[in-house]
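Peer 1: The structure that follows is given in the form of structure tokens.
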There are 2 protein chains.
Amino acid sequence: LSGAARSPADMVTAEYGPAGAVGASRSPAELVGAARTRQPRAVARLISLVEDASPQLREVMALLAPHTRGAQVIGLTGAPGVGKSTATSALVTAYRARGLRVGVLAVDPSSPFSGGALLGDRVRMQDHALDEGVYIRSMASRGHLGGLAASTPQALRVLDVAGCDVIVVETVGVGQAEVDIAGLADTTLVLLAPGMGDGIQAAKAGILEIADVFVVNKADREGADSTARELRQMLTMAPRGPGEWRPPVVKTVAARSEGTEELVDALSAHATWLADSGEGRRRRTARAADEIVAIALAGLREKIGDLRGGSALPDLAEAVVAGTTDPYTAADRLVGAL
Amino acid sequence: LSGAARSPADMVTAEYGPAGAVGASRSPAELVGAARTRQPRAVARLISLVEDASPQLREVMALLAPHTRGAQVIGLTGAPGVGKSTATSALVTAYRARGLRVGVLAVDPSSPFSGGALLGDRVRMQDHALDEGVYIRSMASRGHLGGLAASTPQALRVLDVAGCDVIVVETVGVGQAEVDIAGLADTTLVLLAPGMGDGIQAAKAGILEIADVFVVNKADREGADSTARELRQMLTMAPRGPGEWRPPVVKTVAARSEGTEELVDALSAHATWLADSGEGRRRRTARAADEIVAIALAGLREKIGDLRGGSALPDLAEAVVAGTTDPYTAADRLVGAL
């Protein structure tokens, strides 16, 4: 593996430090060039630009586009307490043992904080802090233009161009986040743990439809076998045609790295299926379409926001209050003014 | 009070029944005409059109516009368990005693269900079910185009034209909903209960800025006086200029209708201040502007969605995947195609 030489201090800065303060004076072209030679500070700075929805992002994305490599994006999700961080860490170790470069994006869709704010949650990742083949970053996505849909694919682009072969996007499976992550990933990995009533929960939450690989983690606990069995049974009932992917159920004890090799094998098998079936290309195209739409809508929202400064919107609002026009007609005029 | 004669059966249909099934064949003009003569079935049908984001809404809103009357919209919010429904019911009784017509919109921003689905929660409202001067409706807002921002003002328009003098919009104060409600209301009423650590919560959640009137409900419980005192103290610290509104703190026991008269007086005083200071007009105009923007964005989102069917978006997405263009340039082309 190549990669620029770097000190442990660099690594800490890249992962946990105030990345915004580093390299702020470098141009987008310089940053992208440095990220391509895998300089962690440049990678950190570029992801900060994504998080801050910086005006420079447009230029950055144009510079990144020709260097797209096509890392496998693995979405890892599950309820709180199933061991997502531990599983991610075990996956990183396993991929590193196979000589692959790994990126980790821990996305917290509910946090208004960015970057280092989730440090506490990531402490266990420090096993990998000195490994130059690993890049780890926590990202907040709430409140940004387009949210998860716009910022995560952009961060994925940065990590892809920075040489990651595999990128794990880890997010807590609450509400809409897990469905969003499935839309962003090539392979969606859903973690369950025994004794949490997960089988039924899974069916309820529509997880059966989004998961490509299931992991029953904490498999040394009571009930692991029955959880796996229940899950396999439910999967059997789902109708799948010939050539369709059948999600495997892998049992792991991530804290002891048990079952991780089997898990990596399952993820690799899915990557092969994605390539052979054409589904991989379909997913990437759908993801790009979502990203384009999110950026387009964010731009339109901004343009409409700019109109608040002028007289068009206030005048239209006055007319609606007076009852001389209705809000739909006013909206038409507003869009016409764009 | 005028109002079309109606049977108890009518009332039940209007409030809890499958409104969509009633009057479905009437034209928007007929429905608006009937709503103006306060026929509850027509009101129910019009609000169902709002909830379903019906294509007829545009015509309905155009028909309603000239008949805008200007009901006082009271946003009532608070944490779960503070007694919002009981307080709303007590307010309805008090307003009815003053001869005013009252509308109640119970908005559940987290529920994917509409209309009658929240029936259980509204059972205590049945005190008013046979009163023809009261219109009660539960509304779900999640998932609709524009959500709370678009659908609630439209439902308010319906109730306004249907002759309501006061409209109470009740919503649970969780997450963003209370701030959204404040943006929709003329007067925002925040309910607290003693012993819930509410004082500190209030300061945290920015409730101090959005509330026009505070209610310490369940004032017969221990800690009510200290909650009210703490709140008043915090309000004293907030800098307010001369002529600015100073939110009063009213103590109530809504379940026994204690303090409700004082509350209605406080709400009326705020209405007077709104009119005299010009703030009322400013709020209505801001609300109309938000509504126009929400409708405009929903329309643009729909247009972009239509493009998914054509070849523009898929082609652009393919180009992004291939790295021959970047998502921002693609988004520009997409918007250009609108």
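Peer 1: List the number of the failed condition for B:PRO153; all other conditions in (1) open to solvent by 10 Å² or more (accessible area, probe 1.4 Å); (2) more than 26 Å from B:ALA219 (Cα to Cα); (3) modelled with pLDDT under 90; (4) part of a helix (DSSP H, G or I) hold.
Peer 2: The one condition B:PRO153 does not meet is (1).
Peer 1: Inspect all residues belonging to region B:210-223 and state whether any of them is in a helix (DSSP H, G or I) and within 14 Å of chain A (Cβ to nearest Cβ).
Peer 2: no
Peer 1: Among the residues in region A:309-325, are any among the β-branched types (Val, Ile, Thr), open to solvent by 30 Å² or more (accessible area, probe 1.4 Å) and in a helix (DSSP H, G or I)?
Peer 2: yes
Peer 1: Considering only residues that are in contact with a Leu (Cβ under 9 Å, 6 or more places away or on another chain), at the interface with another protein chain (Cβ under 8 Å from one of its Cβ atoms) and more than 26 Å from B:ILE74 (Cβ to Cβ), which ones fall in region B:280-318?
Peer 2: B:ALA296, B:LEU297, B:GLY299, B:LEU300, B:ARG301, B:ILE304, B:LEU313, B:LEU316 - these are the residues of region B:280-318 that are in contact with a Leu (Cβ under 9 Å, 6 or more places away or on another chain), at the interface with another protein chain (Cβ under 8 Å from one of its Cβ atoms) and more than 26 Å from B:ILE74 (Cβ to Cβ).
Peer 1: Could you list all residues from region B:319-338 that are facing another protein chain (nearest Cβ under 7 Å) and under 13 Å from A:MET61 (Cβ atoms)?
Peer 2: B:VAL320, B:GLY323, B:THR325, B:ASP326, B:PRO327, B:TYR328, B:THR329, B:ALA330, B:ALA331
Peer 1: Another question, if that's okay. For region A:87-139, which positions are part of a helix (DSSP H, G or I), out of contact with any strand residue (DSSP E or B) (no Cβ under 8 Å at 6 or more places or on another chain) and modelled with pLDDT under 90?
Peer 2: Within region A:87-139, A:GLY120, A:VAL123, A:ARG124, A:GLN126, A:ASP127 meet the criteria.
Peer 1: Another one. Could you list, in sequence order, all residues of region A:243-295 that are farther than 30 Å from A:ARG221 by Cβ, free of Cβ contacts under 8 Å to residues at least 24 places away in the same chain and not in a helix (DSSP H, G or I)?
Peer 2: Scanning region A:243-295 gives A:GLU244, A:GLY278.
Peer 1: Something else about it: Tell me which of these B:ILE207 doesn't satisfy, since it passes every other one: (1) at pLDDT below 80; (2) open to solvent by 20 Å² or more (accessible area, probe 1.4 Å).
Peer 2: Of the numbered conditions (1) at pLDDT below 80; (2) open to solvent by 20 Å² or more (accessible area, probe 1.4 Å), the odd one out for B:ILE207 is (2).
Peer 1: Looking at B:ALA79, is it away from chain A (no Cβ under 14 Å), aliphatic (A, V, I, L, M), open to solvent by 10 Å² or more (accessible area, probe 1.4 Å) and touching a residue at least 60 places away in the same chain (Cβ under 8 Å)?
Peer 2: Spelling it out, B:ALA79 is indeed away from chain A (no Cβ under 14 Å), aliphatic (A, V, I, L, M), open to solvent by 10 Å² or more (accessible area, probe 1.4 Å) and touching a residue at least 60 places away in the same chain (Cβ under 8 Å).
Peer 1: Is there a residue in region A:286-300 that is touching a strand residue (DSSP E or B) at 6+ places or on another chain (Cβ under 8 Å) and surrounded by 20 or more Cβ atoms within 10 Å (Cβ to Cβ)?
Peer 2: Within region A:286-300, none of the residues are touching a strand residue (DSSP E or B) at 6+ places or on another chain (Cβ under 8 Å) and surrounded by 20 or more Cβ atoms within 10 Å (Cβ to Cβ).
Peer 1: Output the number of residues of region B:53-76 satisfying the condition of being open to solvent by 10 Å² or more (accessible area, probe 1.4 Å), of a type outside the set (Gly, Ala, Ser) and under 16 Å from the mean Cα position of the chain (by Cα).
Peer 2: Looking only at that region, the number is 1.
Residues are listed down the side, and each one gets a yes or a no for (1) open to solvent by less than 40 Å² (accessible area, probe 1.4 Å); (2) at pLDDT 85 or above; (3) over 30 Å from B:ALA330 (Cβ atoms); (4) of a type in the set (S, T, N, Q):
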site	(1), (2), (3), (4)
A:THR13	yes, no, yes, yes
A:GLY17	yes, no, yes, no
A:GLY23	yes, no, no, no
A:LEU31	yes, yes, no, no
A:ARG36	no, yes, no, no
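Peer 1: Would you confirm whether or not region B:260-274 contains a residue that is open to solvent by 60 Å² or more (accessible area, probe 1.4 Å), within 14 Å of chain A (Cβ to nearest Cβ) and closer than 30 Å to A:ASP306 by Cβ?
Peer 2: Within region B:260-274 (the criterion being open to solvent by 60 Å² or more (accessible area, probe 1.4 Å), within 14 Å of chain A (Cβ to nearest Cβ) and closer than 30 Å to A:ASP306 by Cβ), the answer is no, since none of the residues qualifies.
The values are calculated or read from the model by the stated rules, or taken from the named source; none is laboratory data. Computed from a predicted model, the values in this text were never measured in an experiment. Note that we place each Cβ from the backbone using ideal geometry, even for glycine, and neighbour counts take in every protein chain shown. Heads up: the accessible areas ignore ligands, DNA and RNA and are worked out on the full protein's heavy atoms, side chains in. Shrake-Rupley method; radii C 1.70, N 1.55, O 1.52, S 1.80 Å.
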